[in-house]
Structures are given as C-alpha cells and as structure tokens.
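Throughout, read-outs are computed from the coordinates displayed, never taken from laboratory work. None of the values given here were measured: they were computed from a predicted structure. So basically every Cβ, Gly included, is an ideal-geometry build from the backbone, and we count neighbours across all protein chains shown.
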C-alpha cells in the first residue's frame with residue numbers, strides 16, 4: 001500500500017485539476033482582469049469538483065500562458081491570494097503547482113500549506129518556451145529548508161510540449177529519477193493535452209519505478225478510466241471535466257459526477273471499493 005491510500009483514501013485516486021484564470025501580469029489577464037473574478041471562478045470550480053466526488057484537487061496557474069521558466073513574484077502572490085480565499089471551502093486533500101518552476105512550486109506549497117504537488121522537477125528540456133533546465137538539488141534543499149517534510153512530490157517524466165535533451169528512453173529517465181531524486185510518485189503523459197500515454201510507455205516506467213506510484217498525467221476520460229486504472233495508479237484529470245469538454249470552460253459538476261461514477265465502478269471491478 002502506498003501513500004496514496006493515506007492521502008486520498010484510495011490507491012487509484014482521481015485528482016481533479018482546478019485551473020486558475022489568468023493572473024496579474026499574465027497576458028490573458030488584460031483587459032478587464034480582476035483578482036475578484038479569478039477567486040469567484042475558482043470557487044465555482046472547487047464546488048463542482050468537490051460535489052462531483054473527485055478524490056483530490058490540484059490547483060494550477062493553467063492560464064498563465066505563455067508559461068514562465070521562472071515564475072514571477074506577482075504570480076506567486078496572486079496564487080497565494082486566490083488559494084487563501086478557497087481554504088475554508090476545501091474538504092478534500094489538495095495541492096498546488098506553479099507550472100514549469102519547481103522552486104516556485106515549493107515556495108507556493110510552503111505558503112499555502114499544500115499536501116502534495118507535481119511539476120517538471122528534473123532534467124533539461126527544449127520546446128516552444130526555449131530551454132528549461134531544472135536544478136533539483138537546489139529544489140530539494142529548498143524543500144528541506146522550508147521544513148516541508150510531508151509534502152508529496154509527483155515528478156513528471158514526460159512533457160507535453162518539450163523534448164528531453166539527450167537520447168535516453170523515458171524508462172531510462174524514470175530509472176535515473178528513482179536513483180537520484182527519490183520521488184514520491186511519477187507522472188506519465190502523452191504527447192499533447194488529451195492524449196494519454198501508451199501502454200508500452202507506462203509499462204516501461206512502472207518497471208523502472210520499483211513500486212513507486214505511476215500516475216497518468218493526460219488523456220484520462222470517462223470512457224478510458226477503467227483502462228487507465230489497469231495500467232496506472234490514478235490520474236490527474238482536467239479538461240474532460242469542464243463544460244462540453246472544452247479547456248476554457250468552467251468545471252461541470254454533472255460531468256465530474258458521471259466521470260467519478262465510472263471511476264468508482266472501475267475500482268470496484270478491480271477489487272477496490
């Protein structure tokens with residue numbers, strides 16, 4: 001049994017993504033942006049996710065596009081402001097992520113008392129944003145200095161829009177992350193949002209993970225959740241829970257409830273109530 005059961009109450013959690021609207025300083029924030037409207041949208045999405053029955057929630061700055069390699073202070077301050085406004089309404093295990101920046105993510109988690117997080121914590125990558133070069137040794141020392149001893153880290157081993165800057169396989173990358181970084185869990189996604197990882201890819205990462213949970217990062221939908229559970233230890237789920245399955249729309253509680261009914265049925269058929 002992994003930490004997933006203790007944290008989420010199941011070994012196959014569905015972690016719903018709460019995508020914050022554009023924040024101050026983000027290009028999409030203007031014109032007419034306001035923190036009040038970001039908070040209101042986040043509260044509505046939180047209510048839909050919780051009433052729909054997800055097992056956990058990850059709050060991300062999803063609309064801070066284009067994403068920063070080093071997340072700005074104003075973004076972290078705004079995320080702290082919004083998450084603080086949600087705190088008294090949260091009834092599920094929850095985490096936070098400042099996209100692409102492992103150090104900023106750790107600082108954010110310290111400020112808001114998050115229980116888990118995920119990020120591209122390791123490696124050197126190239127893509128539309130240029131070169132993304134992580135310093136995980138510094139990140140872990142920051143985590144230690146902030147006494148986040150119980151914060152669980154979900155490590156991406158794939159990226160939706162970047163390529164790893166060497167010729168190792170994903171399984172080899174996972175193997176070295178296991179040795180060098182001691183992750184709490186690994187996250188494997190497909191080549192783009194909405195596309196899930198292949199069975200072969202997940203299988204090779206699971207073999208390298210040596211019992212550490214491997215979670216699906218993209219492409220888990222109501223019609224595929226049973227298959228995802230057969231290969232992965234849960235999933236992060238975002239766009240398919242929104243109105244009409246559209247990325248820019250709000251979370252739809254009815255879609256969440258329908259998805260979670262399928263997830264519970266799949267878990268029961270696998271022998272987990």
Query raised in the report: If we count other beta carbons within 10 Å of each Cβ, what is the order of 100, 30, 67, fewest first?
Result: 30, 67, 100
Report summary line: Listing 155, 19, 138 by rising number of other beta-carbon atoms within 10 angstrom, fewest first, gives 138, 19, 155
**Report entry** Within the chain, helix-based [θ] at 222 nm, where runs of 4 or more DSSP H residues each add -39,500 (n - 2.57), nearest 500
**Finding:** -12000 deg cm²/dmol
Requested in this report: Give the shape of region 193-259 as rounded, prolate or oblate, defined through the alpha-carbon gyration tensor: a ≥ b ≥ c are the square roots of its eigenvalues, a/c under 1.5 means rounded, and otherwise the shape is prolate if a/b is larger than b/c and oblate if not.
Outcome: prolate
Query raised in the report: So what is the relative contact order of the chain, in percent, for Cα pairs below 8 Å that sit 6 or more residues apart?
Result: 18
Query raised in the report: What's the percent breakdown of Cα-Cα distances in region 1-89 across 5 Å bins, shortest bin first?
Result: 3, 14, 22, 21, 16, 12, 8, 3, 1, 0
Query raised in the report: What is the fewest-to-most order of 15, 35, 132 by other Cβ atoms lying within 10 Å of their Cβ?
Result: 35, 132, 15
